């Protein structure tokens with residue numbers, strides 16, 4: 001795996017080192033030792049999948065607050081997404097900033113999202129699927145969110161925001177207040 005620091009402190013873009021031959025491709029999706037060699041302490045406790053039918057769909061921006069903060073490792077397994085991380089960690093040198101990267105089934109790139117950073121994505125193609133690992137189990141009472149269209153965050157989505165859940169539409173505007 002090839003690890004590159006993202007524009008958010010402690011967030012990473014991870015490109016695979018695939019083995020390809022006439023049968024296809026094989027790549028490592030996660031390795032505790034490789035992550036540890038980069039100083040990333042990440043042990044998956046839950047795996048999730050999501051599918052979106054239409055391009056332009058936005059899911060997120062979600063995170064889990066204390067006492068159940070979670071890190072995430074995101075991969076697009078079908079189609080393409082614009083994946084976004086927003087730093088909400090008090091005291092972080094990148095507090096209030098966002099970072100986005102294109103993840104596709106073809107590039108097999110992953111994004112590592114540190115705890116207390118909001119995560120979301122926009123589908124760039126129809127019939128898109130993601131697979132992601134989390135370091136904590138889902139704790140409904142700890143779920144928080146940031147509206148994808150919050151002007152205080154200023155995310156530059158590549159498409160018009162299409163489908164959006166009622167929950168994601170109803171998160172309060174932060175009004176410049178960044179942090180959990």
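Filter the stretch 4-19 for residues that are more than 10 Å from residue 112 (Cα to Cα) and either in contact (Cβ under 8 Å) with a residue 24 or more places away in the chain or out of contact with any strand residue (DSSP E or B) (no Cβ under 8 Å at 6 or more places or on another chain) (or both); which is surrounded by the fewest Cβ atoms within 10 Å (Cβ to Cβ)? Checking each candidate, the answer is 18. For the stretch 20-36, the set of residues classified as exposed (fewer than 10 other Cβ atoms within 10 Å of the Cβ) and assigned to a strand (DSSP E or B) consists of 20, 21, 24, listed by residue number. Inspection of the stretch 38-45 finds a residue satisfying the criterion of being exposed (fewer than 15 other Cβ atoms within 10 Å of the Cβ) and without any contact (Cβ under 8 Å) to a residue 24 or more places away in the chain.
Has the stretch 48-56 got any residue that is without any contact (Cβ under 8 Å) to a residue 40 or more places away in the chain, farther than 13 Å from residue 120 by Cα and under 15 Å from the mean Cα position of the chain (by Cα)? So that I can check it myself, show each step before the final result.
Here is the first cut: in the stretch 48-56, the residues without any contact (Cβ under 8 Å) to a residue 40 or more places away in the chain are none.
No: zero hits.
Computed from the coordinates by the stated procedures, all read-outs in this text should not be read as laboratory data. As the structure is a prediction and not an experimental result, all values here were calculated from the model. So basically every Cβ, Gly included, is an ideal-geometry build from the backbone, and we count neighbours across all protein chains shown.
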